[in-house]
Amino acid sequence: MGRHSTTWTESAHPRDPDGKFAHGGGITGRTATARGMPDILAGSDIHTRKDGDVALDFHVNGDLSITTSKGSVRIPEESVPDLKQIIRDIDSESFTPGHEAWLKRVERKPDGTARTIPVGMIHKDDWDAYSLHLTPSSNASYDDVRNTPAVKLREKDINKIDDALRRRDAASRVDTGYGDLDVFMTDDNKFGLRHLGDDGRPVEVVFDKKSFAKLDGATNVVAEGFDDLDENGPDEGVTHVDVDTNVGKVRVEQLGEWRGDGPEDRFKITPLDGDDWGIYVEGTHQKAFDAAWEKAVNAAEMAGFFNRFSYLRP
């Protein structure tokens with residue numbers, strides 16, 4: 001899937017106030033080991049019964065790569081909604097065996113005219129049997145795509161692809177002011193955060209849903225300065241909350257003013273034991289951070305496995 005790295009120059013990457021690397025970029029790969037942030041924001045692996053994995057990689061620019069044992073194709077962002085609709089319709093009773101659902105991309109010519117090019121097709125072989133064909137080249141015809149070796153799918157595989165595409169809606173990359181931060185969901189419905197570590201390589205921390213709900217509640221407390229669930233707590237001035245999570249005790253802290261524009265205004269999520277990861281957000285970037293966080297929460301709630309209000313704050 002095109003995993004490679006770029007040259008890293010430490011002097012070109014300033015550190016935040018706590019010594020973490022800031023801006024990086026330019027590498028590809030879902031689990032990159034080179035320095036810089038990956039091009040792939042999130043991904044899912046669908047294990048099929050006959051033909052191995054169907055790997056879905058969600059790129060930062062919105063594109064989607066599909067890789068199977070039979071081939072690989074990159075789908076532009078504007079075509080991803082068509083794939084989502086196909087996946088949600090193909091197993092319905094309105095699509096009978098023999099139906100072909102085509103995935104296409106639009107190529108703009110220098111003269112401004114458009115050309116539609118097939119990049120993949122799902123054939124409904126039977127009521128619980130499907131064939132996924134990926135284009136063999138950038139200029140393949142419809143017959144070329146039909147004649148490529150197919151990956152055989154069952155209804156449960158189609159449903160897993162649908163779930164993966166929903167998780168794509170949770171993923172964001174946001175500039176924290178100190179560097180890029182990825183917010184994403186994993187195949188097992190957990191919440192991941194990714195940033196650059198001290199050596200400039202990506203670091204990931206993954207929270208289960210209960211822990212993420214606690215962090216969400218703590219974030220609201222420090223933003224407001226009080227906890228409306230704590231009858232005996234102060235009415236103002238709460239700047240940090242410590243929560244127990246599946247990765248240990250974590251501190252959520254607001255320094256200075258929430259969404260302020262001063263040099264001391266910043267939000268932090270950091271482990272109390274260890275310093276191998278840590279989230280730092282400048283005040284002027286907190287709105288964008290909030291949007292990325294809410295995007296993940298909303299996608300998880302829409303998927304039906306997460307309720308931000310179902311866990312009591314510590």
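The values are calculated or read from the model by the stated rules, or taken from the named source; none is laboratory data. Just so we're clear, the structure is a prediction, and the values are computed from it rather than from any experiment. Cβ placement follows ideal geometry from the backbone for every residue including glycine, while neighbour counts extend to all protein chains displayed. Heads up: the accessible areas ignore ligands, DNA and RNA and are worked out on the full protein's heavy atoms, side chains in. Shrake-Rupley method; radii C 1.70, N 1.55, O 1.52, S 1.80 Å.
Histogrammed with a bin width of 5 Å, the alpha carbon distances of region 77-173 distribute as 3, 13, 21, 21, 19, 13, 7, 3, 1 percent, first bin at zero. Placing unit charges on the Cβ atoms only, positive for Lys and Arg and negative for Asp and Glu, gives region 164-268 a dipole magnitude near 720 debye about its Cα centre.
For residue 178, nonlocal amide neighbours, meaning residues 5 or more places apart or on other chains whose placed amide H falls under 5 Å from its own, are 282. If R0 is 45 Å, the Cβ-Cβ spacing of residue 49 and residue 236 corresponds to a FRET efficiency of close to 0.20.
Each distinct pair of alpha carbons in the chain adds a 1/r term; the inverse of their mean, the Kirkwood radius, is 21.5 Å.
Give me log10 I(q)/I(0) at q = 0.18, 0.25 Å⁻¹ for region 179-262, Debye formula, one equal scatterer per alpha-carbon, no solvent. Ignoring solvent entirely, the Cα scatterers give -0.90, -1.22.
For residue 41, the residues whose modelled amide H falls within less than 5 Å of its own, excluding neighbours fewer than 5 places apart on the same chain, are 58, 59, 60. Evaluating 6.51 cos²θ - 1.76 cosθ + 1.60 at θ = phi - 60° for every residue in region 131-137, the Karplus couplings come out as 10, 9, 10, 10, 4, x, 7 Hz, glycine and proline recorded as x. Considering only alpha-carbon pairs that sit under 8 angstrom and 6 or more positions apart, the relative contact order computed for region 254-308 is 25 percent.
Quote the FRET efficiency, to the nearest 0.05, computed for residue 111 versus residue 146 with a Förster distance R0 of 30 Å and r equal to the Cβ-Cβ distance. Efficiency, rounded to the nearest 0.05: 0.50.
Using a probe radius of 1.4 angstrom, the carbon and sulfur fraction of the accessible surface of region 200-314 is 45%.
Ignoring everything except DSSP H segments at least 4 long, calculate the 222 nm mean residue ellipticity for the chain; use -39,500 (n - 2.57) per segment, divide by total residues, nearest 500. Let's see the in-between values first.
Details: 5 runs with 63 residues, N = 314.
That calculation yields -6500 deg cm²/dmol at 222 nm.
The mean accessible area for residues of region 145-197, using a 1.4 Å probe and ignoring ligands and nucleic acids, is 34 Å² per residue.
Out of all DSSP beta bridges with both ends in the chain, state the antiparallel percent to the nearest 5.
Details: 65 of 67 bridges.
Of all bridge pairs located within the chain, approximately 95 percent are antiparallel.
Can you bin region 139-180 into rounded, prolate or oblate? Criterion: square roots of the alpha carbon gyration tensor eigenvalues sorted a ≥ b ≥ c, rounded for a/c under 1.5, prolate for a/b above b/c, oblate for the rest. It comes out oblate by the Cα gyration axes. Placing +1 on the Cβ of every Lys and Arg and -1 on the Cβ of every Asp and Glu, with nothing else charged, gives the chain a dipole about its Cα centre of roughly 1360 debye. Relative to the current alpha-carbon distance between residue 298 and residue 264, full extension at 0.36 nm per residue lengthens the span by 9.2 nm. Each part gets one Cα centre, and for region 72-148 versus region 174-213 those centres are 32 Å apart. Checking the cross-link pairs 50/156; 156/210; 50/160 against a 19 Å limit on the alpha carbon distance flags 156/210 as lying beyond it. Length gained on full extension, residue 275 to residue 94, computed as 0.36 nm times the residue gap minus the Cα-Cα distance: 59.7 nm. For region 214-314, taking Cα atoms only, Rg and Dmax work out to 13.8, 40 Å respectively.
Legend: calculated FRET efficiency, residue 138 to residue 69, from the Cβ-Cβ distance at R0 = 30 Å, rounded to 0.05, equals 0.90. When only the Cβ of Lys, Arg, Asp and Glu is charged (+1, +1, -1, -1), the dipole of region 131-194 relative to its Cα centre reaches about 180 debye.
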